[in-house]
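First the structure, in the form of structure tokens, and then the observations on it.
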Amino acid sequence: MNELLLFFREKLTQFDIRPPDNVLVEEIQYLSHLFSANQKTNLTAITDWQEAIIKHLIDSLLIVKTDYWQHAEKILDIGSGAGFPGIPLALCHRDREIVLVEANQKKAAFLHQIKDLFKLSNLRIISDRAESVAHCRQYREQFHLVTARAVANLPTLLELATPFCRIGGVFIAYKGPDINEEVITAQVAFEILGSEFVKSYAFVLPCGKGKRNLIVCQKIAATPEKYPRRPGIPNKKPLI
Ligand code: SAM
């Protein structure tokens, strides 16, 4: 544990992210639970500790380096899977209200275990599809920040995420190194949904683990009520 803690702390410091050691320990404990649960339920393809620290924990936390993190009190993460990026953020920032929307029941059950284990009273887990949740008054247009990592292409994501954002709020998509074409393809979706591309943040992950782009999409007008369309449609027939 000590070696992993040192590794984690050193790599995070490279990004000038400095959570207290007790939080870093919790983050590593979370990975440990993930690895145990992964033996029964398929939750992650990554089984190496250092790789998981970089590609799961550090990658999830990079969003705190954007200009949009500081004022994001209410955050929603779509398609959290085993919890990325939502759980690492919730462990580091217990003052933020974070909602995870995950359609897969087994993954949502794991997220509930983690919430209970770490007493994350700032976390709410919804086991349902984003297409349905986005039509609930309680969640629609309520969030300062919406996130999604490895869930769908940008036009589909915009349809799922934009309805949750407040006007002036942002959706930040975790994407790989090549984003230009995806942003261009999403122009129709931006216009229909009342959002616009603002900027992207580029990061290089430690130890040659790849490049990460965070694409910032800001909501500038109310999203028409008909969006998102029925479950599965945003993916099958993206707004392009
Ligand atoms: N975000 C996590 C990560 O980066 O490790 C999980 C990525 S996994 C490839 C995609 C997840 O999104 C799956 O767990 C899937 O069940 C969930 N998902 C896909 N479409 C969804 C939707 N429309 N609503 C809610 N969850 C969805």
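Laboratory data are not the source of any read-out in this text; all were calculated from the coordinates shown. The model shown is predicted, which means the values in this text are computed figures rather than measured ones. Because the Cβ atoms are built from the backbone with ideal geometry, glycine has one as well, and the counts that use them run over all protein chains shown.
Things worth noting here:
- Positions within segment 112-131 being assigned to a loop (DSSP other than H, G, I, E, B) and either exposed (fewer than 15 other Cβ atoms within 10 Å of the Cβ) or not hydroxyl-bearing (Ser, Thr, Tyr) (or both), in sequence order: 118, 119, 120, 121, 122, 128, 129
- Checking each residue in segment 1-29 for being loosely packed, with under 14 Cβ neighbours inside 10 Å, under 13 Å from residue 62 (Cα atoms) and touching a residue at least 12 places away in the same chain (Cβ under 8 Å) picks out 14, 16.
- Looking across segment 35-62, the residues that are within 23 Å of residue 172 (Cβ to Cβ) and assigned to a helix (DSSP H, G or I) come down to 52, 53, 54, 55, 56, 57, 58, 59, 60, 61, 62.
- Filtering segment 98-110 to residues that are in contact with a helix residue (DSSP H, G or I) (Cβ under 7 Å, 6 or more places away or on another chain) and not in a strand (DSSP E or B) leaves 102, 110.
- Answer from 162, 156, 223 - the residue that is part of a helix (DSSP H, G or I), farther than 26 Å from residue 109 by Cβ and hydroxyl-bearing (Ser, Thr, Tyr): 162
- Once segment 71-90 is narrowed to residues that are touching a strand residue (DSSP E or B) at 6+ places or on another chain (Cβ under 9 Å) and in a helix (DSSP H, G or I), the residue that is nearest to the ligand (Cβ to nearest atom) is 86.
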